[in-house]
Amino acid sequence: PLWCWAHIRRYFIRASDAHQELRDWESAWTQRIGALYVAHHACQALEEGTTERLRAEADFASILGAMDTTRKSEAGDPTLHPGAAKVLATLDREWEGLCRHEEF
């Protein structure tokens, strides 16, 4: 499966809309997703095989890796708000399909 980051982003926003205390958490996640989009567009704008493209692909992978680390860390937090935990559970279920974008 190939999942869409825009759909996942909406889950973060909806959780924040329902629970005001999740505003900062949601903002951090939507910024991460935004950075991933910027990195992806940078890759697409560069010719394959060039040094710049390889650097852009490394940036994309780095952002994705940081997101992976954060999602695992937050999901393991026993004090995490239930609304956030629900979104992270969805993110976890769809993670593999979201990461497939790196292959394209």
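Quick look at the values:
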read-out: Carbon and sulfur %, accessible surface of the chain computed with the full protein complex present, 1.4 Å; value: 54 percent
read-out: 1.4 Å probe accessible area per residue over the chain, in Å²; value: 62 Å²
read-out: Approximate spin-label separation Arg14-Thr70, in nm, with each point projected 7 Å along Cα-to-Cβ; value: 2.1 nm
read-out: Residue (of Ala61, Pro82, Thr51) at the positive-pole extreme of the range 27-87, dipole from beta-carbon charges; value: Pro82
read-out: Two-site FRET efficiency, Ala58 against Glu96, from Cβ-Cβ distance with R₀ of 22 Å, rounded to 0.05; value: 0.60
read-out: Contour excess over end-to-end distance, with Cα ends at Arg23 and Cys4 and 0.36 nm allotted per residue; value: 4.6 nm
read-out: Relative contact order (%) - the chain, alpha-carbon pairs under 8 angstrom, separation at least six; value: 36 percent
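The values are calculated or read from the model by the stated rules, or taken from the named source; none is laboratory data. Please read these numbers as outputs of a predicted model, since none were measured by experiment. All Cβ positions, even for glycine, are placed from backbone atoms using ideal geometry, and neighbour counts span all protein chains on display. In case anyone asks, the SASA skips ligands and DNA or RNA and just uses the protein heavy atoms, side chains included. Shrake-Rupley method; radii C 1.70, N 1.55, O 1.52, S 1.80 Å.
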